[in-house]
Amino acid sequence: MRPDAEPDDRVAALLRERLRAADEEIATPPGLWDRVRAPDPPPRRAALGARLRLGWAVAAAVLVSAVVLGSWWLVRPVGRTPPSGPARFASTVTVFNAERPCRPLRTLECALRLAKDPYGDYADPGNSAGRVWHGDRLAAACVVTRGTMVRDESGITSTRWYLVRTGAGVEGWLPGVRTRNTVHVPVCSEGEAP
């Protein structure tokens with residue numbers, strides 16, 4: 001170190017000398033390269049046992065799933081149409097009464113008729129499947145578009161008829177003039193239409 005050097009230069013030179021001396025003293029520990037190049041040690045017995053148990057659990061789950069799926073495959077309905085359940089009546093329509101005074105009332109005089117046959121005479125006493133009232137929400141399965149034309153009290157006409165089910169389970173045909181339907185209801189297939 002030079003005596004005429006700046007104080008910062010002297011500190012830096014002293015630090016360099018010490019670092020060089022420390023670097024020369026560092027030696028590689030004996031056997032380090034052998035340990036680095038050696039293969040991984042075998043897994044411990046506890047870890048191996050846990051892996052085996054997990055493997056057996058997965059195999060058992062796959063086997064149970066296969067048995068359940070196979071059982072379903074054997075007993076599934078083949079060639080039969082599904083029963084008319086909730087999926088068939090997927091849409092909902094709301095009953096609409098054109099007569100304002102009848103809307104809040106649930107009397108016989110204010111009841112609207114569900115028909116047995118959308119192609120028959122709506123007023124025929126033998127063509128009655130049940131009664132509904134303004135505001136009733138009915139499950140709808142499908143619609144026929146060329147049924148008997150019906151005119152409501154306000155003069156609106158329609159040939160649309162909805163196959164519906166009431167909350168009490170009564171099925172019948174609701175004339176299109178008796179609802180202000182805003183949801184999609186599929187057209188009836190040949191098997192659903194009378």
Problem - S189 accessible area, assembled protein chains, probe 1.4 Å, Å² - result: 60 Å²
Completion exercise
Taking protein heavy atoms only, a 1.4 Å probe, and rounding to whole percent, the accessible area of the stretch 120-187 owed to carbon and sulfur comes out at 50 percent
Practice task
Determine how large the accessible area of F96 is when every protein chain is in place; take a 1.4 Å probe and give Å² rounded to the nearest 10.
Solution key: 40 Å²
Problem - Integer Hz, Karplus 6.51/-1.76/1.60 couplings in order for the stretch 148-155, x for Gly and Pro - result: 5, 6, 10, 10, 8, 5, 8, x
Problem - Whole-Hz couplings from phi, Karplus 6.51/-1.76/1.60, listed for the stretch 111-125; x for Gly and Pro - result: 6, 10, 8, 9, 9, 7, 9, x, 9, x, 6, 4, 7, 5, x
Fill in the blank from the handout: Here the gain from full extension of L19 to T182, 0.36 nm per residue of separation minus their alpha-carbon distance, amounts to 50.1 nm
Exercise for the section: Would you mind checking which residues have amide H under 5 Å from L114's amide H? H placed 1.01 Å from N; only 5 or more apart, or other chain. Expected result: A129, G130, R131, V132
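The values are calculated or read from the model by the stated rules, or taken from the named source; none is laboratory data. What you see is a predicted model, and the numbers here were worked out from it, not measured in a lab. Just the protein is used for accessible areas: all its heavy atoms, side chains included, with ligands, DNA and RNA removed. Shrake-Rupley method; radii C 1.70, N 1.55, O 1.52, S 1.80 Å.
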